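Data first, discussion second: the structure below is written as structure tokens.
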Amino acid sequence: MDCIFCGIIEGAIPSGKVYEDDCLVAFNDAAPRAPVHVLIVPREHIQSAAALTGSHAELLGRIWITLPKIAQKLGLDSFRVITNAGADAGQTVEHLHFHLLGGRTLDMNLG
Ligand code: 5GP
Ligand code: ZN
């Protein structure tokens, strides 16, 4: 499988990892859109949020419990979480990931 994020998770592609555990990896986005822009990525290759099923419930719980801990570790009092599903939503890497953004005032211009 030719997946950039699987390559990062396996360590074959270098990245600035800020956190990892048995189910997810978090690393700095290569083209940050905010002072803090981290991608939270499950180790399991899932195409996008549109491919999630009941079998992923535990994984999603782990992600949402861990997200604020990563934000806190990075010194964020406020943060935003975004996931893009599908090309028109801006998804460019087809491995489920959550953008964690913060470190400045964010507006709602999501265009
Ligand atoms: P998407 O557009 O799919 O929601 O988000 C993909 C994100 O992955 C983009 O913000 C892009 O900058 C980031 N990205 C793409 N390739 C790489 C890479 O090789 N390394 C890192 N660290 N980020 C990447
Ligand atoms: Zn992958």
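The values are calculated or read from the model by the stated rules, or taken from the named source; none is laboratory data. Worth saying up front: this structure is predicted, and the values here are computed from it rather than measured. Here Cβ is always computed from backbone atoms with ideal geometry, including for glycine, and neighbour counts include all displayed protein chains. Only protein heavy atoms, including side chains, enter the accessible area calculation; ligands, DNA and RNA are left aside. Shrake-Rupley method; radii C 1.70, N 1.55, O 1.52, S 1.80 Å.
Restricted to the stretch 1-17, and to residues that are outside any loop (DSSP other than H, G, I, E, B) and open to solvent by 30 Å² or more (accessible area, probe 1.4 Å), which residue is nearest to ligand 2 (Cβ to nearest atom)?
Ranking the candidates gives 4 first.
Go through (1) modelled with pLDDT of 95 or more; (2) over 12 Å from the mean Cα position of the chain (by Cα); (3) of a type outside the set (Val, Ile, Thr) one by one and return the number of the condition residue 14 breaks.
Status for residue 14: all satisfied but (1).
Out of all the residues in the stretch 18-36, which are in contact (Cβ under 8 Å) with a residue 60 or more places away in the chain, more than 7 Å from ligand 1 (Cβ to nearest atom) and either part of a strand (DSSP E or B) or touching a His at 6+ places or on another chain (Cβ under 6 Å) (or both)?
26, 36
Hey, can you tell me all the residues within the stretch 18-52 that are more than 16 Å from ligand 2 (Cβ to nearest atom), open to solvent by 50 Å² or more (accessible area, probe 1.4 Å) and either farther than 18 Å from residue 90 by Cβ or among the β-branched types (Val, Ile, Thr) (or both)?
Correct list: 19, 22, 28, 35.
Being surrounded by 15 or more Cβ atoms within 10 Å (Cβ to Cβ), at pLDDT 95 or above, over 16 Å from residue 24 (Cα atoms) and not aliphatic (A, V, I, L, M) narrows it down to one residue among 90, 102; which is it?
Numbers: 90 fails: surrounded by 15 or more Cβ atoms within 10 Å (Cβ to Cβ).
Exactly one of 90, 102 is surrounded by 15 or more Cβ atoms within 10 Å (Cβ to Cβ), at pLDDT 95 or above, over 16 Å from residue 24 (Cα atoms) and not aliphatic (A, V, I, L, M), namely 102.
Against the definition (open to solvent by less than 30 Å² (accessible area, probe 1.4 Å), over 23 Å from residue 2 (Cβ atoms) and away from ligand 2 (no atom under 16 Å from the Cβ)), how does residue 60 come out, yes or no? Before you say what the answer is, go through the steps one by one.
On the way: open to solvent by less than 30 Å² (accessible area, probe 1.4 Å): no; over 23 Å from residue 2 (Cβ atoms): yes; away from ligand 2 (no atom under 16 Å from the Cβ): yes.
Considered against the rule, which asks whether it is open to solvent by less than 30 Å² (accessible area, probe 1.4 Å), over 23 Å from residue 2 (Cβ atoms) and away from ligand 2 (no atom under 16 Å from the Cβ), residue 60 comes out as no.
State the number of residues belonging to the stretch 1-22 that are out of contact with any strand residue (DSSP E or B) (no Cβ under 6 Å at 6 or more places or on another chain) and either of a type outside the set (Val, Ile, Thr) or under 18 Å from residue 85 (Cα atoms) (or both).
Total satisfying the criteria: 13.
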